[in-house]
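Participant: Input: one structure, supplied below.
Computed from the coordinates by the stated procedures, all read-outs in this text should not be read as laboratory data. Just so you know, these numbers come straight off a predicted model, no measurement behind them. Ideal geometry is used to build each Cβ from the backbone, glycine not excepted, and the neighbour counts take in all protein chains shown.
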Amino acid sequence: MIEIRTLTEQAEFAEAVSLQKTIWGFEEIELLPVRLFVVASKVGGQVFGAFDGSRMVAFLLAIPGLKSNGKFYLHSHMMGVLKDYRNTGIGRLLKLRQREEALSRGIGLVEWTFDPLEIKNAFFNIERLGAVVRRYVLNQYGTTTSALHGGLPTDRCVAEWYLSSERVESLLRKGSFERPATEARIEIPAGIQLWKQEDPARARDAQAAISNQFLDHFRSGLAVVGFERSEDKGTYLIGKWQS
């Protein structure tokens, strides 16, 4: 049985820092420190851990944010799951706990960034949680030391999760939601993860072409409204969407 609970103790925060090293292989300078977990827990953020018995196997950290219109939201900065526990539903359990806690405080929006080249993450964010994407950020974090990033620029999609939207409510009730009409598609070849390690130049060229497509569509007022995947590719479905 996996237990999701709020982290409150220094030792728990330190364990979450240790998980970062294991999951992403970051060097010390790029780790989120214990101090950030402490601050987040005290200023209206969220710090959750997933436990298999006494062992922490995943964590989630979110910090409070304020929009230019004066509305509060949560920026979900990091969520990580140990390799042996992936594809078991733990990530979704963490996100649903995040939604429940946010709604209990009257917060209706959670945002986070994700790598558009990661097909599993994109499917999870869009099809399993109901997030939409309308913004794309070039090289948000600079080049990192994580082998998972393959030395590529850290281009990121910004996921917007409207917690009480019909889209999300329908997904939780029925397991599906009604998509707006698809006006364009952006395809991500499944092989790009291998290219990062074996053919970095090819991976960079593919990333640049994908980035240009996202930026063009978002400048036109379109959004990512769905995601499809197969063995050889993932496909972002682009259409009109209104929050």
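Participant: Going through Ala181, Ala209 one at a time, which residue ends up being in contact with a strand residue (DSSP E or B) (Cβ under 6 Å, 6 or more places away or on another chain), small (Gly, Ala, Ser) and surrounded by fewer than 13 Cβ atoms within 10 Å (Cβ to Cβ)?
Facilitator: On the way: Ala209 fails: in contact with a strand residue (DSSP E or B) (Cβ under 6 Å, 6 or more places away or on another chain).
Result of the check over Ala181, Ala209: Ala181.
Participant: What number of residues in the range 29-44 are surrounded by 16 or more Cβ atoms within 10 Å (Cβ to Cβ), part of a loop (DSSP other than H, G, I, E, B) and among the small types (Gly, Ala, Ser)?
Facilitator: Qualifying residue count for the region: 0.
Participant: Taking the condition among the aromatic types (Phe, Trp, Tyr), surrounded by fewer than 22 Cβ atoms within 10 Å (Cβ to Cβ), under 20 Å from Arg173 (Cβ atoms) and touching a helix residue (DSSP H, G or I) at 6+ places or on another chain (Cβ under 9 Å), does Phe114 pass? Full working, then the answer.
Facilitator: Details: among the aromatic types (Phe, Trp, Tyr): yes; surrounded by fewer than 22 Cβ atoms within 10 Å (Cβ to Cβ): yes; under 20 Å from Arg173 (Cβ atoms): no; touching a helix residue (DSSP H, G or I) at 6+ places or on another chain (Cβ under 9 Å): yes.
Criteria not met by Phe114.
Participant: Identify all residues within the range 1-28 that are in contact (Cβ under 8 Å) with a residue 60 or more places away in the chain and assigned to a helix (DSSP H, G or I); write none if there are none.
Facilitator: If the condition is that a residue be in contact (Cβ under 8 Å) with a residue 60 or more places away in the chain and assigned to a helix (DSSP H, G or I), then Leu19, Gln20, Thr22, Ile23, Trp24 are the ones that fit.
Participant: Residues to consider are Gln197, Gln207; find the one that is within 20 Å of the chain's Cα centre (by Cα) and assigned to a helix (DSSP H, G or I). Walk me through how you get there before you give the answer.
Facilitator: Numbers: Gln197 fails: within 20 Å of the chain's Cα centre (by Cα).
Residue meeting the stated conditions: Gln207.
Participant: So, of the residues in the range 45-95 that are part of a helix (DSSP H, G or I) and within 13 Å of the chain's Cα centre (by Cα), which turns out to be farthest from Gly106 (Cα to Cα)?
Facilitator: Step one: filter the range 45-95 for residues part of a helix (DSSP H, G or I), giving 83-85, 90-95.
Of the ones still in play, those that are also within 13 Å of the chain's Cα centre (by Cα) are 91-92, 94-95.
Numbers: Gly91: 23, Arg92: 21, Leu94: 19, Lys95: 16 Å.
Checking each candidate, the answer is Gly91.
Participant: To continue, here is another question. For the range 155-162, indicate whether the set of residues that are of a type in the set (D, E, K, R), over 17 Å from Val133 (Cα atoms) and in a loop (DSSP other than H, G, I, E, B) is non-empty.
Facilitator: Let us first name the residues in the range 155-162 that are of a type in the set (D, E, K, R), namely 155-156, 160.
Add one more test, that the residue is over 17 Å from Val133 (Cα atoms), and what stays is none.
No, because not a single residue in the range 155-162 is of a type in the set (D, E, K, R), over 17 Å from Val133 (Cα atoms) and in a loop (DSSP other than H, G, I, E, B).
Participant: Condition first: free of Cβ contacts under 8 Å to residues at least 40 places away in the same chain, assigned to a helix (DSSP H, G or I) and either over 10 Å from the mean Cα position of the chain (by Cα) or within 27 Å of Lys196 (Cα to Cα) (or both). Can you find one or more residues in the range 101-112 that meet it?
Facilitator: Yes.
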